[in-house]
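What follows is calculated from the coordinates using simple rules that are stated; it is not laboratory data. Owing to the predicted nature of the structure, the values given are computational and were not obtained by experimental measurement. FYI the Cβ positions are ideal-geometry reconstructions off the backbone, even for glycines, and counts take in every protein chain you see.
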Amino acid sequence: MKSTARRLVLSAAALLCARGLSAQEEARPEPVTGTFAGTQVVNAQSVEVVPRKRSFGFMIQHRFGTVGTDEQVWKQFAGLDLPANIRFSFQYAPFQNAQLELGRSKNGKVWDLGAKLRVLRQTVEDEMPVSLTVLANAALMSDDHPATGDRDFFADGTTPFAYRFEHRLSYSAQLILARRFTPWLSLQVAPVAVHRNLVAVGEHNFTLATVLSGRFKVSTKGSVLVEAAPIVMGHRPGHRLEPLALAYEVATQGHVFQIVLSSGQEIIEQRAYTMPTSRYDEGQFHLGFNIARTLLVKPKAPKH
């Protein structure tokens, strides 16, 4: 009898533990995945990060020269014959929901180093209705400075101008807020602040843009991506066209490929939101592409 009672008690305890673990699993919110296919929308950073701890990402972003809708589109082969800008970047996830990124762009021979952290993640049952990611980036222009003369001065008009190392530096920071509304629609807004240590006379050191992005899935693997980046503060004098981008994306497991139409040739935030765009109001644009590859590393086996 004692043995039977003991077995009944143990069975009841095991059943209660199993129910408790099941309840905990049911109570754990399920995160929304695939708000965007990769860590970039088109030019803008997306809310996504490298998806697994100790894994890697690699990206090539290419923008060809300016072409219009006249006969030059054929003569210049849609801009492929013209000087282009290209950026290579490497990403690494030191821990879950975070990544470091090192990039190098042709224009300005700019090196950039950034850190990205996912703070909030949307859940399926809307316990958390949005995802939030923060990002900070510093860039170093390594190209030669333009020549200066005896008649060049700092902004005070009296101090003779001379280049210093800090003039090569620029910075950006942003909050990225996104929501996947349906399996085929994701929207994102990202206030982006840019500071450049050196600007031309009449320009602004500080620029603030609000980047609006959307992803519209049109098939299992295909999506249309749109971006608009209204400049809230720090417009270039006499230039009021806002940066725009449009892309068609094909995403597979670990790969993202995009064909891009962009209003500008610049890629990183410090240049994309501070340099003049092409006159897309007159039919000018830049053709380009993005290629991203994620290399997932298997998690370490738990220690016993």
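General observations
- Were the residues from residue 166 through residue 115 laid out at 0.36 nm apart, the gain over their Cα-Cα distance would be 16.3 nm.
- The chain: relative contact order as a whole-number percent, Cα under 8 Å and 6+ apart: 18
- For peptides 90-96, 158-164, 54-60, sequence by mean Cβ density within 10 Å, most packed first: 54-60, 90-96, 158-164
- In Hz, Karplus ³J(HN,Hα) per residue of segment 142-152 (6.51, -1.76, 1.60; θ = phi - 60°; x = Gly, Pro): 9, 6, 5, 6, x, 5, 10, x, 5, 9, 9
- A viscosity of 1.306 mPa s and a temperature of 10 °C, combined with the Kirkwood radius over Cα pairs in Stokes-Einstein, give a translational diffusion coefficient for segment 259-304 of 114 µm²/s.
- 10 Å binning of all Cα-Cα separations within segment 141-195, expressed as whole percents from 0 upward: 17, 27, 21, 16, 12, 7, 0
- Along principal axes, Cα extents of segment 193-237, largest first, whole Å: 49, 16, 14
- Hydrodynamic radius of segment 227-304 by the Kirkwood approach over all distinct alpha-carbon pairs: 15.0 Å.
- Amide H within-cut-off set for residue 82, under 5 Å, with H built and near neighbours excluded: 65
- Where only DSSP H runs of four or more residues are counted, the chain gives -3500 deg cm²/dmol as its mean residue ellipticity at 222 nm, each run worth -39500 (n - 2.57).
- Separation between Cα centres of segment 74-135 and segment 161-213, rounded to whole Å: 13
- Largest-first principal axis extents, alpha carbons of segment 31-295, Å: 64, 45, 31
- Aspartates and glutamates whose Cα lies under 15 Å from that of residue 53, excluding same-chain neighbours fewer than 8 positions away: 101
- Charging the Cβ of each Asp and Glu at -1 and of each Lys and Arg at +1, and nothing else, the dipole of the chain about its Cα centre rounds to 1960 debye.
- Positive dipole terminus of segment 31-295, leading residue within 209, 278, 115 (C-beta point charges): 115
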